[in-house]
Amino acid sequence: MKVSLVKLIILGPPGTGKGTLAVELAQKLKLKHISTGDLLREEAKKGSSLGREINQVFIKGGLVSEEIVGNLLENNLPEDNFILDGYPRDLNQAKRLEKITEIDYVINLHTPFEIIIERLSSRRVCMDCKAVYGINVPSKREGICDKCGGRLIQRKDDNPETIAERLETYKKETEPLIKYYNNKIINIDGNDIPSKVLNITLKELDDRNIKVRA
Ligand code: ADP
């Protein structure tokens, strides 16, 4: 049987649950999850001069230069069957991506800003497997990952000043992409527990003939 291939983007403000949903969709639909945030954090951890440059931007809550992100993306983007999380983040990036490949659908995950601020302030991430915990998804033992036993840490950019700046950057740079992608947009309400958000999204994709794979 011929399996159809799919190219998805997940769009939404920081803290809306993009990363969590992208990982779950990737598992269910057998897609590769490409997160520019994760790729940048890997690079930043290396402590190279490039890593230090990235860290500076993280702390301020702005966007990393297109030269750095665009190259990381081009080196990591498969031809097909992927969900792209964190890219594009502005119109220039959307145009660059369009030259590389044609996207099928764009999932627009939206959640009110007040809820986002609460979520991001309480977010903890596993140092080892990157699982995410927070108000809606607390870990069983404080500071320890349920999945792998790794240590839970707070991301450097999850502090009040940086969160405010990231939301501003989103409004100014990323939100206009919703109009840009227009008829490819699938709107999803992110203001619910992850399992419900996942099921609603799977249903929307199923309606467009993108099916869960065994
Ligand atoms: P969030 O969406 O919660 O801010 P990400 O993990 O997607 O988290 O991104 C973290 C940071 O990485 C962003 O605040 C930004 O500085 C940088 N970043 C990620 N993707 C891009 C991109 N496509 N272009 C520029 N900077 C990016």
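Taken together, the values in this text are just the output of simple stated rules run on the coordinates, not laboratory data. Since the model is a prediction, treat every value here as computed from it, not as a measurement. In this analysis, Cβ positions are derived from the backbone assuming ideal geometry, glycine residues included, and neighbour counts consider all displayed protein chains.
The table for this structure:
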{"quantity": "Check on residue 87, more than 14 Å from the ligand (Cβ to nearest atom), among the hydroxyl-bearing types (Ser, Thr, Tyr) and within 27 Å of residue 189 (Cβ to Cβ)", "calculated": "no"}
{"quantity": "The range 6-43: number of residues that are within 7 Å of the ligand (Cβ to nearest atom) and part of a loop (DSSP other than H, G, I, E, B)", "calculated": "2"}
{"quantity": "Qualifying positions in the range 105-146 - in a loop (DSSP other than H, G, I, E, B), among the charged types (D, E, K, R) and either in contact with a helix residue (DSSP H, G or I) (Cβ under 9 Å, 6 or more places away or on another chain) or surrounded by fewer than 19 Cβ atoms within 10 Å (Cβ to Cβ) (or both)", "calculated": "128, 130, 140, 141, 142, 146"}
{"quantity": "Scan of the range 114-125 for residues that are away from the ligand (no atom under 13 Å from the Cβ) and more than 16 Å from the chain's Cα centre (by Cα), ordered by number", "calculated": "114, 115, 118, 122"}
{"quantity": "Top-ranked residue of the range 51-84 - restricted to ones that are over 28 Å from residue 29 (Cα atoms) and touching a residue at least 40 places away in the same chain (Cβ under 8 Å), ranked as nearest to the ligand (Cβ to nearest atom)", "calculated": "63"}
{"quantity": "Pair list, Cβ under 6 Å, 6 or more apart: the range 11-38 residue within 24 Å of residue 55 (Cα to Cα), other residue part of a loop (DSSP other than H, G, I, E, B) and near the ligand (Cβ under 10 Å from one of its atoms)", "calculated": "18/12; 35/86; 36/86; 36/87; 37/86"}
{"quantity": "Lone unmet requirement of (1) surrounded by 20 or more Cβ atoms within 10 Å (Cβ to Cβ); (2) touching a helix residue (DSSP H, G or I) at 6+ places or on another chain (Cβ under 9 Å) for residue 55", "calculated": "(1)"}
